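Report on the structure given below.
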Amino acid sequence: MEKAPNRLQALFLDLDGSLLDSRRQVGAQDRETIARLLARGVRVCIATGRHYELSMRYWRELGCSGPFLASDGAVLYHPGERRVLFWRPIPGDLVREALGLAIARGEEFYFHALEAAYFSPNFGRIGVWQDYAAACAPEDLHPALGQMPRGYLDGSPQVMTVMFHLPTPEFRQELERLCQGRVPLYLQPEGRIAILSSPDCDKGRGASQLASREGFCLENAMALGDTGNDLPLLRRVGWPVVPENGSPDALALARFVTASNDNNPVTRAVEALFPEYLA
């Protein structure tokens, strides 16, 4: 489909740090704005680094109906059909080596397998995901959370994303060695997070696949994102939007810098760029 001047066909939404405020809620004004966009025929697509099971509640709350991107584009999930449409794992030997090294060194980690989100026993932020699970409604997909099963690495692990929390400098160096030339490794500038991702998968590629599947043009799409894993998506769309709390590399790509994630960033962006959709 060709680009249509000043026509908004789709809106991609990163969750944490972008759409969700500091209480991990969607602002009331943004909720209303998204409802208006949906009523005008705009596709609203979540594009998150979270596991798909840790995102569906927001999909329902926003009133979405189509598939969304999870695990930084390595998974395309359709909540309405309760079905994974696409997924791409990290090579199993690399998963075994990276997680084996993390276990030996006592590093904190969690990872996205197709069937669950697994955590190391010492993972300090598991409460965030437990709180999410506790807030799920009966109609939500309740997330499968737990520690990595005994013997999991002895088989053929199907893992899309691994996040290491507060990795030691020595461990970060080992990860860089392991991943070099094989799979993407995102190292947060502050050193608090290291993310191992599926090869040839990111939010930008996932958005292209979804646009082809759903029949819209990314030049007519707006994306809201705030940090490193959102950069491929921001580069692909015609209207990259970044909240003012975004990272410097994300802000450098912004066609419009909107309000912070605590101040209804979607509404402020639509008011400035597509006010006719709110009339």
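The values are calculated or read from the model by the stated rules, or taken from the named source; none is laboratory data. Treat the numbers as computed from the prediction; the structure is a model and nothing was measured. Virtual Cβ from ideal backbone geometry, glycine too; neighbours counted across all protein chains shown. Accessible surface areas use protein heavy atoms only, side chains included; no ligands, DNA or RNA. Shrake-Rupley method; radii C 1.70, N 1.55, O 1.52, S 1.80 Å.
Some notes on this structure:
- Solvent exposure of the chain, expressed per residue, is 42 Å² of accessible area, with all protein chains present and a 1.4 angstrom probe.
- Segment 72-174, relative contact order [Cα under 8 Å, separation at least 6], %: 35 percent
- Relative contact order [Cα under 8 Å, 6+ residues apart], segment 144-257, whole percent: 17 percent
- Accessible carbon and sulfur surface of segment 33-183 relative to its total accessible area, %, 1.4 Å: 48 percent
- Here the relative contact order of segment 219-271, from alpha carbon pairs under 8 Å that lie six or more residues apart, stands at 30 percent.
- Computed from Cα positions, the angle between helix 203-214 and the longest principal axis of the chain comes to roughly 50 degrees.
- Compared with the dominant principal axis of the Cα atoms in the chain, helix 169-179 is inclined by about 80°.
- Only DSSP H runs of four or more residues enter the estimate; each adds -39500 (n - 2.57), and after division by the residues of the chain the mean residue ellipticity at 222 nm equals -8500 deg cm²/dmol.
- The residue list 85, 98, 41 was ranked by how far each Cα lies along the charge dipole of segment 1-112 toward its positive end, using unit charges on Cβ atoms, and 41 comes out on top.
- Anisotropy class of segment 201-243 from Cα gyration tensor, a/c 1.5 cut: oblate
- Whole-angstrom gap from segment 17-64 to segment 101-157, using each part's C-alpha centre: 23 Å
- Simple Cβ-charge dipole of the chain, Lys/Arg +1 and Asp/Glu -1, about Cα centre, in debye nearest 20: 480 debye
- Relative to the longest principal axis of the Cα atoms of the chain, the long axis of helix 92-105 makes an angle of roughly 70 degrees.
- DSSP finds beta bridges in segment 117-253, and of those with both partners inside it, around 55 percent are antiparallel.
- The antiparallel fraction among DSSP beta bridges confined to the chain stands at about 55%.
- For segment 79-159: rounded, prolate or oblate by the Cα gyration tensor [a/c cutoff 1.5]: oblate
- Fluctuation leader among 111, 119, 86 - the chain, Gaussian network, Cα springs under 10 angstrom: 86
- Ranking 30, 16 from most to least accessible surface, computed with a 1.4 Å probe over the protein chains only, gives 16, 30.
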